[in-house]
Amino acid sequence: MNKTCTVVGAGLAGCEAAWQLAERGISVTLYEMKPESYSPAHKMSGFAELVCSNSLKAEHLTNASGLLKAEMRLLDSLILKAAYHARVPAGGALAVDRDNFSIYITSAMENHENITVIRKRIDEIPDGPVVIATGPLTHSVLAEAITRLPGFSALHFFDAAAPIVTLDSLNMDKVFRASRYEKGADYLNCPMTEDEYNAFYDALMSAELAEVHEFDKKQVFEGCLAVEILASRGRQTLAFGPLKPVGLVDPRTGKAPYANVQLRQDNEQGTLFNLVGFQTRLKWGEQKRVFSMIPGLENAEFVRYGVMHRNTYLNSPDVLSKNFSVKGNPDMRFAGQITGVEGYMESTASGLIAGISLAKRLLGEEEPEFTGDTVLGALARHVVSPTPDFQPMNANFGILDKLTERIRGKRNRYEKLAELSLARVNEIKATYHL
Ligand SMILES: Cc1cc2nc3c(=O)[nH]c(=O)nc-3n(C[C@H](O)[C@H](O)[C@H](O)COP(=O)(O)OP(=O)(O)OC[C@H]3O[C@@H](n4cnc5c(N)ncnc54)[C@H](O)[C@@H]3O)c2cc1C
């Protein structure tokens, strides 16, 4: 008999889950509310939209995000394939042209023989096998339906997105191209003197914030902290944080600047750049006024301003079980940021696990066990680990199983963890015929 499954939400997690199900012969109906409805952060009608940074973070294996990518590559991740197809230069990071990235994934969904795409908003939990991957900006009607599931409750809080400027509008007499420690020249750098930094800091501290209802400071998670909140921790916090000048030499002075704002390429053509670390909830007019004080941005054209967004996630340890299944209802899975993983690749990873494991279940086969010595398994474990204050988690080596042998040096330890993890993923593949 033909096995069927519904996937709600064609974001990163939903598309990955749909792909993994469909590739295993499951007939998937994929629902996406765009273009009928848009969340406050989504703008494109295509799938797998990157709402903030265009970076999927590090690629090297001694970084947990890089290791996660390598694990997912072994498991035929669609989102990773799209990322390599749409990549733009970004030093050691995997950054993409967001349009090309989305076009690739949308086309893979629309043209897969086992996937039917329906552009429709879902307001109730569908019957039958389902993966709910509606993201941190899940439409409020569905969010309410989720909270009515037995034992469920949802938390709401806000994130911040960084502004984007055009290359043409920058003053290249001041801005210089370089990556830290001369590792390429992928970033644009805006060097600041001490006086310029202080003037910028004072303006930032007195700038007006946009109105955000229900905003609860305590619930803004550290990974996407607004620049003005970081700055409010002390005059030097930015200079030691996102504006640190380490590994950079201003060619005009031959010295390291006092502080430095980095701009990262945002599209394939290299015509748009985002302000690294400048997620913000300043009013738009204030962003133009204050950020134009950054040397080189005097006349910058802002094609997108930073904005604050709602972020919804479940109290997953209470309601989820193995492989992102709902406790007591293994035919229902959640995937993506809504489960309490944090980040583009992490959201995708949960979609990959949910998709593969639900497919296995529907086919009457044993579900894989992603163990805690892999980043995939460690993330899945995080969301079901009981904790008094459950918080979203991104990929990091701290959540993996500890090494049993003593290895000196962080890099050597990370290399060992990567070696073990990739060997384990290969073993899981062989054991469960993935
Ligand atoms: C403002 C903001 C900025 C972020 N910036 C970053 C960043 O820079 N780097 C990073 O790594 N992570 C970032 N994140 C966190 C996270 O990685 C992203 O939100 C990521 O896109 C989550 O993937 P997802 O698949 O869970 O959800 P999404 O990619 O948001 O996909 C969910 C999809 O479901 C659809 N949908 C919602 N409700 C319904 C419904 N009722 N019916 C049908 N369809 C529906 C949406 O339209 C959307 O297409 C950010 C999050 C937010 C909110």
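The values are calculated or read from the model by the stated rules, or taken from the named source; none is laboratory data. On a predicted model such as this, the values are computed, not experimentally measured, just so you know. FYI the Cβ positions are ideal-geometry reconstructions off the backbone, even for glycines, and counts take in every protein chain you see. For the accessible areas, the whole protein counts, side chains as well, though only heavy atoms, and no ligand, DNA or RNA atoms are used. Shrake-Rupley method; radii C 1.70, N 1.55, O 1.52, S 1.80 Å.
Seen against the Cα atoms of the chain and their longest principal axis, helix 410-432 is set at about 30 degrees.
As a ratio to 2.2 N^0.38 Å, the alpha-carbon radius of gyration for segment 53-189 is 1.38. Quick note on segment 164-306: its Rg to Rh ratio, both from C-alpha atoms and Rh being the Kirkwood radius, is 0.95.
Considering only alpha-carbon pairs that sit under 8 angstrom and 6 or more positions apart, the relative contact order computed for segment 164-306 is 41 percent.
The Cβ shell under 9 Å around LEU94 holds other residues with a net charge of +2, Lys and Arg each +1, Asp and Glu each -1. Take every Cα-Cα pair in segment 310-364 and report what % of them are more than 14 Å apart. Roughly 50 percent, once rounded to a whole number.
Using equal-weight Cα scatterers in the Debye expression, the normalised intensity of segment 20-86 in log10 at q = 0.16, 0.22, 0.25 Å⁻¹ is -0.77, -1.08, -1.12. For LEU320, nonlocal amide neighbours, meaning residues 5 or more places apart or on other chains whose placed amide H falls under 5 Å from its own, are LYS327. Taking amide H atoms as placed 1.01 Å from N in the peptide plane, the amide H of VAL88 lies under 5 Å from those of ALA95, VAL96, ASP97, each 5 or more residues away in sequence or on another chain.
Residues in segment 356-364 carry Karplus couplings, in order, of 4, 6, 5, 4, 4, 4, 5, 8, x Hz; the curve used is 6.51 cos²θ - 1.76 cosθ + 1.60 with θ = phi - 60°, and Gly or Pro positions show x. Residues whose amide H comes within less than 5 Å of that of VAL341, counting only those at least five positions distant or on another chain, are MET393 (H built at 1.01 Å from N in the peptide plane). Once C-alpha pairs closer than 8 Å and six or more residues apart are averaged by separation and normalised to the residue number of the chain, the relative contact order reads 22 percent. 3J(HN,Hα) along segment 130-145, derived from phi through the Karplus expression 6.51 cos²θ - 1.76 cosθ + 1.60 where θ = phi - 60°, amounts to 8, 10, 9, 9, 8, x, x, 10, 3, 4, 4, 5, 5, 4, 5, 4 Hz, with x in place of Gly and Pro.
The orientation-averaged shadow of the Cα convex hull for segment 244-388, equal to a quarter of the hull surface, comes to 13.5 nm². For the chain, carbon and sulfur atoms together expose 50% of the accessible surface, with a 1.4 angstrom probe and every protein chain in place. Only helices enter the 222 nm calculation for the chain: every DSSP H run of n ≥ 4 contributes -39,500 (n - 2.57), and dividing by all residues gives -9500 deg cm²/dmol, rounded to 500. Loop-resident GluC sites (Glu not before Pro) (DSSP state other than H, G, I, E or B) in segment 298-359 with no more than 12 further Cβ atoms inside 10 Å of their Cβ: GLU298. Treating segment 1-52 as a set of equal point scatterers at the Cα positions, no solvent, please give the Debye-formula log₁₀ I(q)/I(0) at q = 0.13, 0.25 Å⁻¹. Summing over Cα pairs of segment 1-52 leads to -0.34, -0.91.
For the chain, the Cα-based Rg and Dmax, in that order, read 21.9, 72 Å.
Taking the 0 to 90 degree range and rounding to the nearest ten, how far is the long axis of helix 194-206 tilted relative to the main principal axis of the chain, both from C-alpha atoms? Its long axis makes an angle of about 60 degrees. The DSSP beta bridges internal to the chain are antiparallel in roughly 65% of cases. The angle separating the long axis of helix 98-111 from the principal Cα axis of greatest extent in the chain is about 10 degrees. Largest first, the three principal axis extents of the alpha carbons in segment 333-420 are 45, 32, 24 Å in whole numbers. Over what distance in Å are the Cα centres of segment 291-365 and segment 98-148 separated? That distance is 12 Å.
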